Protein chains: 2
Amino acid sequence: MTGIVLGIADSARLFGTDMDTTDMDASDMSLVTIVAPQEHVVSPFDYAVTRGDGIFEATTVWHGKPVSLEAHLRRLAHSASLMDLPRPNLTLFSQAVEEIIAQYDDPEPGPILRILVSRGLDADTGIGRTGSGLPHVWMFLDAHGALHQTRAISLASLTRGYSADITQRAPWLLLGAKTLSYAVNMAMHRECDRRHVDDAVTVTEDGFVLECPNSSIVAQYGNHLVTPNPDIGILHGTSQRELFSFMAQEGGSWEYRKLPLPQLQEADRLYMTHGGWVIPVSSLDDRRYQVDESFVEQANTAIHSGRTEKDALLVRPRD
Amino acid sequence: MTGIVLGIADSARLFGTDMDTTDMDASDMSLVTIVAPQEHVVSPFDYAVTRGDGIFEATTVWHGKPVSLEAHLRRLAHSASLMDLPRPNLTLFSQAVEEIIAQYDDPEPGPILRILVSRGLDADTGIGRTGSGLPHVWMFLDAHGALHQTRAISLASLTRGYSADITQRAPWLLLGAKTLSYAVNMAMHRECDRRHVDDAVTVTEDGFVLECPNSSIVAQYGNHLVTPNPDIGILHGTSQRELFSFMAQEGGSWEYRKLPLPQLQEADRLYMTHGGWVIPVSSLDDRRYQVDESFVEQANTAIHSGRTEKDALLVRPRD
């Protein structure tokens, strides 16, 4: 059985710089070289290693179907744009993902798919100077690592250190890009361990809600869902959009807006969303929340079945 | 000739977890495995790749001597502490560096030494779960990449987005740790390219000077040098301390303090310091500065000769 599939993708084609192949029938040529997961396939002179300089996406592959794949790939393209990386060919990225999934053979129904894109070899090194200058792309599907669960979790609010208006003024802070530079996100999780909570929700210095270190936050008031507008400098959540789509299909409503922390705390229910899953929140700081397990289960079932996917692609802040 | 030396260090010994070896004569056992620089020695499941989760140091090795090595290794230990990594054994790190240098054989007198430490294999992946949980350490010496130069450079000030008091309030932001998550630092350099300047100096939202994306900033007023106090959330500059030591040896003085941007701009001269070099600044935003090439050359010669090294280790903010 193959519970971990690792592939090196053909970045010349995935980033569309190899003009000779664009007219070919892509299905005839493999886009991914599958290697043993124990193989060391990354150079220490790669920008991913020297600088955390790259982008990524991750989602669940549920019974062979990558959840919200198109939304993830569109967000990858958005991150690439914010990072001055070449524009990815999303059709070929999607084919490459299918090639990875085709190699999977494990009873676990929901392994994690991760797409890692580095800027390529570090051009400030002797090895990098001899390279192609192209990004590097690795993809893996993993049934043996941490998988998602829907147990209710506790949250603490942590400052992200920025004010709500910084994103527009300082694009070099890369807020809203999903970069490989996640050391601060990891440190937030260690801070959560120290505080004996499961995860964090970040807030601006002026008190507005942002996101969780590797997920989105959604507040429920009656049948109305609210999440912060991504223009504050956060990722646009893929699973959050699926949840909004589910709520609309069930007759409820949704909204993006600037959300002061006290208003988040006053919600009827809270959800953390990521990687194809809606996870209920049992507490935030000193406040506790009831969990509607039936709603959570129905939402996750709808998301995994693909029922909400098309509508979710249309969910965005209203101007 | 060997102009690029790449080594994988024995992290069980460098991080002192292998108790059996501590009583042995370390000089009898190699601490570093030298490999061809083209080799891919990093797993894509390493925290360095998946999360930019690690720390590093870099300096010039001048005619076989790593400049400010002890200060760099002490700073590595400080970064490890801020990142909740195990405590490095600095004596063994220093020996490992010497092993790398012993392999070098190239006419270039000043290659770059880089020490990369990752948290190890990503424990959230199936491959990481089977790992030792130890950090990974790679070191390289590189004569064929970008080397330092002392041409006068132009600077632009860019906001870092934080206020001056955030470091004490939010240690999870890792300010003052030299992490592998440098995507923002790289983005600042791309912003400099767009503005047609050579480098940046970052400032807080409330107008205090911080540092450059991969170096320190020093202002000269007469024979008095000033740099921001590291407690504002910046790295304590190794070459900056060497420059302070040089100035004191020459009869001048130095000071760490909170430095408003206008006071930096009003300096007689400005220097960017990093990797064993003092580099003169010709302009900052709209203001131009004269360059004392003789002073710069004397400072660099003193630093590279080792004349300033011992004194530099004693240079720190006065309480």
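The values are calculated or read from the model by the stated rules, or taken from the named source; none is laboratory data. Keep in mind the model is a prediction, meaning the values are calculated, not measured. Cβ sites come from the backbone with ideal geometry, for glycine too, and all protein chains shown count toward neighbours. Only protein heavy atoms, including side chains, enter the accessible area calculation; ligands, DNA and RNA are left aside. Shrake-Rupley method; radii C 1.70, N 1.55, O 1.52, S 1.80 Å.
Odds and ends about this structure:
- Neighbouring Cβ atoms from other chains, within 10 Å of the Cβ of residues in B:127-134, number 2 on average.
- In order along the stretch A:38-53, phi translates into HN-Hα couplings of 7, 5, 8, 10, 10, 6, x, 8, 6, 4, 4, 7, 6, 9, x, 9 Hz, rounded to whole numbers, per the Karplus curve 6.51 cos²θ - 1.76 cosθ + 1.60 with θ = phi - 60° and x for Gly and Pro.
- Rounded to 5, percent antiparallel among DSSP beta bridges of chain B: 80
- With the alpha-carbon atoms of the stretch B:4-142 aligned to their principal axes, the span from lowest to highest coordinate is 45, 35, 27 Å, starting with the largest.
- Label points for A:H63 are taken 7 Å from Cα along Cα→Cβ. From this copy to the others they lie 7.3 nm apart, shortest first.
- In summary, the convex hull built on the alpha carbon positions of chain B has an orientation-averaged projected area of 17.3 nm².
- When the solvent-accessible area of the stretch A:178-310 is split by element, carbon and sulfur atoms take up 44 percent of it, the probe being 1.4 Å.
- The A and B chains share an interface that buries close to 5300 Å² of accessible area, total over both sides, probe 1.4 Å.
- Annotation: amide H-H contacts under 5 Å for B:Y162 (H modelled 1.01 Å from N, sequence separation of 5 or more, or interchain): B:E205.
- Distant-in-sequence amide H partners of B:W62 (H built 1.01 Å from N, under 5 Å): B:V67
- Sites matching trypsin sites (Lys or Arg not before Pro) across the stretch B:54-155 that sit in DSSP coil, with at most 12 neighbouring C-beta atoms within 10 Å: B:R151
- Cα pair distances in the stretch A:153-314, grouped into 10 Å bins until the bin that holds the longest one, percent each: 11, 42, 36, 12, 0
- The charge dipole of the stretch B:153-314, taken about its Cα centre with unit charges on the Cβ atoms of Lys, Arg (+1), Asp and Glu (-1) only, comes to about 340 debye.
- Using θ = phi - 60° and Karplus 6.51 cos²θ - 1.76 cosθ + 1.60, couplings along the stretch A:100-115 (whole Hz; Gly, Pro as x): 5, 4, 4, 8, 6, 8, 8, x, 4, x, x, x, 8, 9, 10, 10
- The calculated 222 nm mean residue ellipticity attributable to helices in chain A amounts to -8000 deg cm²/dmol, summing -39500 (n - 2.57) over DSSP H runs of n ≥ 4 and dividing by all residues.
- Principal axis dimensions, the protein assembly as shown - Cα atoms, whole angstrom, descending: 78, 56, 49
- Between this copy and the others, label points of A:L147 are 5.5 nm apart in ascending order, each placed 7 angstrom from Cα in the Cβ direction.
- For the stretch A:211-277, the equivalent ellipsoid derived from the alpha-carbon gyration tensor has semi-axes of 16, 15, 10 Å in decreasing order.
- Measuring r between the beta carbons of A:T130 and A:H189 and using R0 = 41 Å, the FRET efficiency lands at 0.60.
- For chain B, the residue among B:T2, B:W138, B:Q265 whose Cα projects farthest onto the positive side of the dipole built from Cβ charges is B:Q265.
- Within a Gaussian network of chain B (alpha carbon springs, distance under 10 Å), most fluctuating of B:Q298, B:Q265, B:Q38: B:Q38
- Cross-link partners of A:K178 among aspartates and glutamates, defined as those whose alpha carbon lies under 12 angstrom from its own and excluding same-chain residues fewer than eight positions apart: A:D53, A:E57.
- Exam field: B:P107 pseudo-label spacings to other copies (7 Å along Cα-Cβ), nanometres: 6.6
- The listed residues B:K65, B:K310, once ranked by accessible area (1.4 Å probe) with the largest placed first, stand as B:K310, B:K65.
- Within the straight-line cut-off of under 20 Å between alpha carbons, the lysines reachable from B:K310 are B:K65, sequence neighbours fewer than 8 places apart in one chain being disregarded.
- Whole-Hz couplings from phi, Karplus 6.51/-1.76/1.60, listed for the stretch A:307-315; x for Gly and Pro: 4, 9, 5, 5, 4, 4, 5, 9, 6
- Here the stretch B:142-202 and the stretch B:79-110 have alpha carbon centers that stand 23 Å from each other.
- Here the extension length gained between B:R151 and B:Q290 equals 48.8 nm, from 0.36 nm per residue of separation less the Cα-Cα distance.
- Amide H contacts under 5 Å for B:W254, placed H, 5+ residues apart: B:L225
- Accessible area per residue for the protein assembly as shown is 39 Å², calculated with a 1.4 Å probe on protein heavy atoms, without ligands, DNA or RNA.
- Choice from A:G133, A:G237, A:G207 with maximal GNM fluctuation in chain A (Cα, 10 Å cutoff): A:G133
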